[in-house]
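Heads up: the structure comes next, in structure tokens.
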Amino acid sequence: SWSRDGNRLYFGMVPPPIPAAKSSAERAAVELWHYRDDYIQPMQKVRYSQTTNKTYRTVFHLADRSCRQLADETMQEVTEAPTGDLALGSDDRAYRRLVGSVELTLHADLFLVNQKTGERKPLIKKQNGVMWSPGGNYLLRWDGKAWHCFQVATGKSFNLTGKLNVSFANDLYDMPSTVPPYGLGGWTDGDESVLIYDRFDIWRIKPDGSEAINVTAGIGRKNSTSLRVVTLDPKSRTIDPTKTVLLRAENEKTRDTGFYSLSFKDGPRLLIMGAKSYDLLTYKNGRHLLRVSTFYDYPDLYSADAEFREVRRLTDTNPQKKDLIWGRAELLRYKSADGLPLEGILLKPENFDPKKQYPMIVYIYERLSQNLHRFVDPRPGTSINPSYYVSNGYLVLMPDIAYTVGYPGQSAQKCILPAIDKVVDMGCVDEKAIGIQGHSWGGYQTAYLITQTTRFKAASAGAPVTNMTSAYGGIRWGTGLPRQFQYEKTQSRIGGTLWEYPTRFLENSPLFMADRVKTPLIMLHNDRDEAVPWQEGIQYYLALRRLDKEVYLFNYVGEGHGLTQRKNQMDYTIRMQQFFDHHLKGAAKPAWMAKGEPYVPPPMTSPQRGEERGSSAGASGEEEQR
């Protein structure tokens, strides 16, 4: 690739390959898992081709026709400044053993590298996510609490946000690890200032911290609306402060979305706002191309003028929808058992009768209310399809869940049960016909909840962790990472090691409370699951089976964490519906529930073309994002 000024050419250099050793029929096929290895063997295996084909950043200077290798084994990553002679180098060797156990993110010691001489100057230890300013004059970094800016010319570092009376760390982040920031809006011309987001507003801050201005004038916070910069010109690297900037807006209380126009001189001005999802695709010749949707309205294309005064629909992509009974989405507000205000989504059939009581399925993951205006195609998959279920006479509830570190299961219970109570108080739910479904993290929470309450008359748990003590010591085979980080630092939220908090691991493991289960359960856990060990589902199944509880475990041979083959998606979608229809609607038992299915060897033929892959989208799409 060329440097921006065209004076340098960058390419990769790789050492000559080492000749392969001659194979021997008597050589043992063995792996040595050494305690001092940088990466454990499964990680080495996953990354083998990437590692063996690793290239090192090299620069060719056209002016003097000199060539210099900038990166090597001691500093494998080098990122050149947008302009000038410097580059940013990183050495991660000291922190590799921590990945997957103590940390998820790989840190590195950072260096300033002179592209002409190759000289390396130590900059800062144990960092990640450091970014160049567009002009190459500054380096920006986040330390978990504040933004810092390093001035390359002087070597000085400035705290940009530490003294401002507002948090730039994500207020809703509840995992026991470094809190991420809300993000950046970009730099103004000439590295004059950087735009930094708090939860709602945008701040224009000089890189030496001498001036910080809330350019959205607090309107975002006043209206509980997050305001974020929209880039209309994909080729633009900076923001011209003399021109207006387009902002996308989303109200956290209503989930309405829209757009504002921002003048750095006069502040923000509302252009359009509504109870739907507005997503800008492109801007050309003075008009915006948008995708607009709600849960009811398919995401069709719309055209709008620059000021959004005239919005015109361009497509009617799914005319067949008008012949189907669909559903309507509404925002539910409630409080957790600890009094924390929360939101959720309640989906009702399009032909909803307020005098009637409906069966209800609760779909869970983490926070889901941001999906209020998300249109969901009716299709088979790994989890329930909310459009299909409301069309067939169910209510679907998707509550938000907030967590306390150390108590993930209890946290879910404190958030989910009050949400159900809120809907029951409306008088539209048959309390004898409430089910629950979740996959992966949602599957774990489902497996836990049925050990704590008899509120659910049927439950479906996909790929659940049921024994945190065994899962903690496992491998995420898709990445080769140890699973320890997940419990100590991220989603499982235990907050420490097994030997530090043994009771937390036990109290949050459904397996150790299997004797309490009174809810019929259908589980999906496949033998090639690359994220959650297959044995987790088997342990729970064997415990419930021994206790003579009603439990069904589906293993689609060769499938991974979610179902990808269309035929398997179809099969499980039908069986899950039959399960819920029987327990929540009183439908007859299908044969597989009544008497099981004997083992039959799987077919040896390969899947037909076009049937190998399909969507595994669940109710929220969260699983695919993760």
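A compact table of results
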read-out	value
Residue match in segment 484-498 (condition: at pLDDT 95 or above, more than 24 Å from the chain's Cα centre (by Cα) and under 15 Å from Ser460 (Cβ atoms))	no
Single unsatisfied condition, Gly442 versus (1) within 16 Å of Phe554 (Cα to Cα); (2) in a helix (DSSP H, G or I); (3) in contact with a Phe, Trp or Tyr (Cβ under 9 Å, 6 or more places away or on another chain)	(1)
Qualifying residue in segment 430-438 (condition: part of a loop (DSSP other than H, G, I, E, B), under 27 Å from Thr469 (Cβ atoms) and of a type outside the set (Val, Ile, Thr))	no
Selected residue (criterion: nearest to Lys432 (Cα to Cα)) from residues of segment 503-551 that are open to solvent by 10 Å² or more (accessible area, probe 1.4 Å) and among the hydroxyl-bearing types (Ser, Thr, Tyr)	Tyr541
Tally of residues being under 23 Å from Ile574 (Cβ atoms), of a type in the set (Asp, Glu) and over 22 Å from the mean Cα position of the chain (by Cα) across segment 522-551	2
Candidates Asp85, Asp64, Asp91, Asp5 - the one that is closer than 30 Å to Pro482 by Cβ and among the charged types (D, E, K, R)	Asp91
Complete set of residues in segment 317-341 that are among the hydrophobic types (A, V, I, L, M, F, W, C) and touching a Leu at 6+ places or on another chain (Cβ under 9 Å)	Ala329, Leu331, Leu332, Ala337
Count of segment 82-95 residues which are under 20 Å from Trp132 (Cβ atoms) and either assigned to a loop (DSSP other than H, G, I, E, B) or of a type outside the set (A, V, I, L, M) (or both)	8
Residues (open to solvent by 50 Å² or more (accessible area, probe 1.4 Å) and closer than 20 Å to Thr83 by Cβ) located in segment 187-227	Asp189, Gly190, Glu192, Lys206, Asp208
Selection from segment 262-316 of residues that are surrounded by fewer than 16 Cβ atoms within 10 Å (Cβ to Cβ), out of contact with any Leu (no Cβ under 9 Å at 6 or more places or on another chain), in contact (Cβ under 8 Å) with a residue 40 or more places away in the chain and farther than 25 Å from Asp377 by Cβ	Gly267
Long-range neighbours under 7 Å by Cβ, at least six apart or interchain, first residue assigned to a loop (DSSP other than H, G, I, E, B) within segment 575-597, second open to solvent by 60 Å² or more (accessible area, probe 1.4 Å)	Pro590/Gln578
Any strands (runs of 3 or more DSSP E) falling wholly within segment 9-81 and containing at least 2 residues that are in contact (Cβ under 8 Å) with a residue 24 or more places away in the chain and surrounded by 14 or more Cβ atoms within 10 Å (Cβ to Cβ)	56-61, 77-80
Selected residue (only one of Arg528, Arg504 is part of a loop (DSSP other than H, G, I, E, B) and out of contact with any His (no Cβ under 7 Å at 6 or more places or on another chain))	Arg528
Criterion (buried (at least 23 other Cβ atoms within 10 Å of the Cβ), at pLDDT 95 or above and more than 23 Å from Ser277 (Cα to Cα)) met by exactly one of Val396, Val362	Val362
Residue, farthest from Gln486 (Cα to Cα), within segment 399-429, restricted to residues that are assigned to a loop (DSSP other than H, G, I, E, B) and open to solvent by 10 Å² or more (accessible area, probe 1.4 Å)	Gly427
Residue tally, condition open to solvent by 50 Å² or more (accessible area, probe 1.4 Å), closer than 30 Å to His582 by Cα and among the aliphatic types (A, V, I, L, M), over segment 317-359	2
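To keep it simple, each residue is scored yes or no on (1) over 30 Å from Thr105 (Cα atoms); (2) touching a Phe, Trp or Tyr at 6+ places or on another chain (Cβ under 9 Å).
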site	(1), (2)
Ala412	no, yes
Leu417	yes, no
Ala433	yes, yes
Phe456	yes, no
Ser460	yes, yes
Asn467	no, yes
Gly478	no, no
Ile494	no, yes
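The values are calculated or read from the model by the stated rules, or taken from the named source; none is laboratory data. What you are looking at is a predicted structure, and each value in this text was computed from that prediction instead of being measured. Counting neighbours? That spans all protein chains shown, and the Cβs are built from the backbone with ideal geometry, glycine included. Keep in mind that these areas ignore ligands, DNA and RNA; they rest on the heavy atoms of the full protein, side chains included. Shrake-Rupley method; radii C 1.70, N 1.55, O 1.52, S 1.80 Å.
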